Amino acid sequence: MLGAKSVFADDCFRNSYIGADFDINQDLTNDLPDNWRDFNKKFIPIWQKSHPDKSKVAAGLSCGALWSICKGLAIGDIVICPNGSGSYYVGEVSSEYKYLPNNELPHRRDVKWFPIEIERSAMSDALRNSTGSIGTVSDITKYKDEIESLIKGQRPPSIVSTDETIEDPTIFALEKYLEEFLVSNWKSTSLGKEYNIFEEDGELVGQQFPSDTGPIDILAISKDKKTLLVVELKKGRVSDNVVGQIQRYMGYVKDELAEPHQAVKGIIIGLEDDIRLTRALSVTSNIEFYKYEISFKLYK
């Protein structure tokens, strides 16, 4: 994302670069370790000094995105950037990090843009959701086959699953819509009475929240600010995989995002549980399972 609402996208395209700001006003050439945690450890306090009213979550998002652009991307990586008009510019990273002070998005990488744009309407629902995050950076590597097809002008199938952890493809196909429905109707759910999906500056950032082991389906915070909630949708997957995944996400939130006074809890949502899920959750005190029901009626 090249500035809020892609405000700098056209300038980046004209001048062949991508970049970021985040109010870190110094050359980072000698401050880009291989591990983003080391970068965050040093620069989160610097960021927080200029944003004293912001949370640790906001600090981690900002510094993590800055590291990803400056160091995490490699020369030859493909990036897609929304242009603000329903399409995405596509380009190849062609330089190492450079710092251009007194410019918009001063932390930059050169990019060779392709003579093609990807229409958002041509993307699968899964890719559209992943690229719809308002966050600066989202890793969409798992959609590389689809992106390559789109670059070639080919429209991919609307449902694609080669994930061996998918136990029930029918439920998986159904639940790919569940996340959007849950987010859109959050306030009317039982969870919405106690938690808010995480927001920053009035923008929803808690959907597909980035972590070091993959995106968290939903990150929420209790109305009293004392608990961070990790919500993971089962999506027809093997129970063991879902439990292990939410535990990894919760560990990330505890170690990297939670303030000293905040607890971390988890919720798995699915159409049905099974003995493996029941046994696994019976020895945890901070993860719960919620079952959803679908009601569809027509009246004349």
Going through (1) in a helix (DSSP H, G or I); (2) out of contact with any helix residue (DSSP H, G or I) (no Cβ under 6 Å at 6 or more places or on another chain) one by one, Q26 fails only at (1)
Verdict on S94 being surrounded by 14 or more Cβ atoms within 10 Å (Cβ to Cβ) and modelled with pLDDT under 90:
no
Looking at Y99 and the list (1) within 24 Å of P215 (Cβ to Cβ); (2) touching a residue at least 60 places away in the same chain (Cβ under 8 Å), which single condition is not satisfied?
(1)
Would you confirm whether any residue within region 284-293 is outside the structural domain of D139 (by TED's automatic domain parsing), modelled with pLDDT under 90 and under 28 Å from D139 (Cα atoms)?
no
Going by the structure shown, is G214 surrounded by 13 or more Cβ atoms within 10 Å (Cβ to Cβ) and on the phi > 0 side of the Ramachandran plot?
yes
Here is a list: T278, T284. Which entry is hydroxyl-bearing (S, T, Y), out of contact with any Lys or Arg (no Cβ under 6 Å at 6 or more places or on another chain) and closer than 21 Å to A220 by Cβ?
T284
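Matching residues to (1) part of a loop (DSSP other than H, G, I, E, B); (2) over 19 Å from D125 (Cα atoms); (3) modelled with pLDDT under 80:
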position: S158; (1), (2), (3): yes, no, yes
position: E164; (1), (2), (3): yes, yes, yes
position: L174; (1), (2), (3): no, no, yes
position: E180; (1), (2), (3): no, no, no
position: V183; (1), (2), (3): no, no, no
position: Q208; (1), (2), (3): no, no, no
Of the numbered conditions (1) within 30 Å of H261 (Cβ to Cβ); (2) surrounded by 18 or more Cβ atoms within 10 Å (Cβ to Cβ); (3) out of contact with any helix residue (DSSP H, G or I) (no Cβ under 9 Å at 6 or more places or on another chain), K49 satisfies every one except a single condition; which is it?
(2)
Within region 210-219, take every residue that is outside any strand (DSSP E or B) and farther than 15 Å from K234 by Cα and give me the one that is farthest from the chain's Cα centre (by Cα).
T213
Determine whether C63 is under 20 Å from I134 (Cβ atoms) and hydrophobic (A, V, I, L, M, F, W, C).
yes
Please verify whether V253 is closer than 19 Å to K56 by Cβ, out of contact with any Asp or Glu (no Cβ under 9 Å at 6 or more places or on another chain), surrounded by fewer than 20 Cβ atoms within 10 Å (Cβ to Cβ) and not assigned by TED's automatic domain parsing to the domain that holds K54, treating the condition exactly as stated.
no
Looking at D139, D145, D110, which is the one that is within 30 Å of A59 (Cβ to Cβ), in the same structural domain as T29 (by TED's automatic domain parsing), surrounded by fewer than 14 Cβ atoms within 10 Å (Cβ to Cβ) and modelled with pLDDT of 75 or more?
D139
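A quick yes/no check of all residues on (1) in a helix (DSSP H, G or I); (2) touching a residue at least 12 places away in the same chain (Cβ under 8 Å); (3) basic (K, R):
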position	(1), (2), (3)
I221	no, yes, no
K225	no, yes, yes
V230	no, yes, no
M250	yes, yes, no
E256	yes, yes, no
H261	no, yes, no
G266	no, yes, no
I269	no, yes, no
E272	no, yes, no
What residue, of L32, L61, L28, is in contact with a His (Cβ under 8 Å, 6 or more places away or on another chain), more than 26 Å from K152 (Cα to Cα) and either not assigned by TED's automatic domain parsing to the domain that holds D139 or not acidic (D, E) (or both)?
L28
When residues of region 270-294 are limited to those that are out of contact with any Asp or Glu (no Cβ under 6 Å at 6 or more places or on another chain) and within 16 Å of S190 (Cβ to Cβ), the one surrounded by the fewest Cβ atoms within 10 Å (Cβ to Cβ)
E293
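The values are calculated or read from the model by the stated rules, or taken from the named source; none is laboratory data. This structure is a prediction, so every number in the text was calculated from the model and none was measured. When we count neighbours, we look across all protein chains shown, and the Cβ atoms used for this are built from the backbone with ideal geometry, even at glycine.
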